[in-house]
Amino acid sequence: MTLDAHELAPPMAEMVRDVDLAPFNTFGLHARAARLQQVRSVAALQAAVAAPGWRETPRLVLGGGSNLVL
């Protein structure tokens with residue numbers, strides 16, 4: 001199953017797989033995230049990091065902005 005980021009209702013409560021990151025970058029470049037979870041608070045980030053599905057998964061935390069090319 002492939003989801004586009006614009007199809008996801010923020011804030012996402014669950015980790016989703018195979019997400020198009022075009023809506024998340026200024027240039028709209030297509031790149032895929034194997035896994036994606038959006039969080040809107042420190043508490044949500046702490047809960048996501050502690051969740052069993054994320055414990056052994058490499059993570060990259062990104063904030064908003066336009067200084068990232070995927």
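The values are calculated or read from the model by the stated rules, or taken from the named source; none is laboratory data. Not measured: the values here are computed from a predicted model. A quick note on method: Cβ atoms are made from the backbone with ideal geometry, for glycine too, and the neighbour counts reach across all protein chains shown. We work out accessible area using only protein heavy atoms, side chains counted, and drop any ligands, DNA or RNA first. Shrake-Rupley method; radii C 1.70, N 1.55, O 1.52, S 1.80 Å.
Tally time: how many residues in the stretch 39-55 are at pLDDT 85 or above and exposed (fewer than 10 other Cβ atoms within 10 Å of the Cβ)?
Residues in the stretch 39-55 being at pLDDT 85 or above and exposed (fewer than 10 other Cβ atoms within 10 Å of the Cβ): 4 in total.
Of everything in the stretch 31-64, what is in contact with an Asp or Glu (Cβ under 8 Å, 6 or more places away or on another chain) and without any contact (Cβ under 8 Å) to a residue 24 or more places away in the chain? Give them in sequence order.
Arg32, Ala33, Ala34
With the requirement that a residue be at pLDDT below 75 and open to solvent by 80 Å² or more (accessible area, probe 1.4 Å), what does the stretch 56-65 give you?
Selection gives Gly64 alone.
Can you tell me how many residues within the stretch 10-30 are open to solvent by 90 Å² or more (accessible area, probe 1.4 Å) and touching an Asp or Glu at 6+ places or on another chain (Cβ under 7 Å)?
Residues flagged as open to solvent by 90 Å² or more (accessible area, probe 1.4 Å) and touching an Asp or Glu at 6+ places or on another chain (Cβ under 7 Å) within the stretch 10-30 amount to 1.
Among the residues of the stretch 35-70, how many are within 15 Å of Glu14 (Cβ to Cβ) and of a type outside the set (S, T, N, Q)?
14
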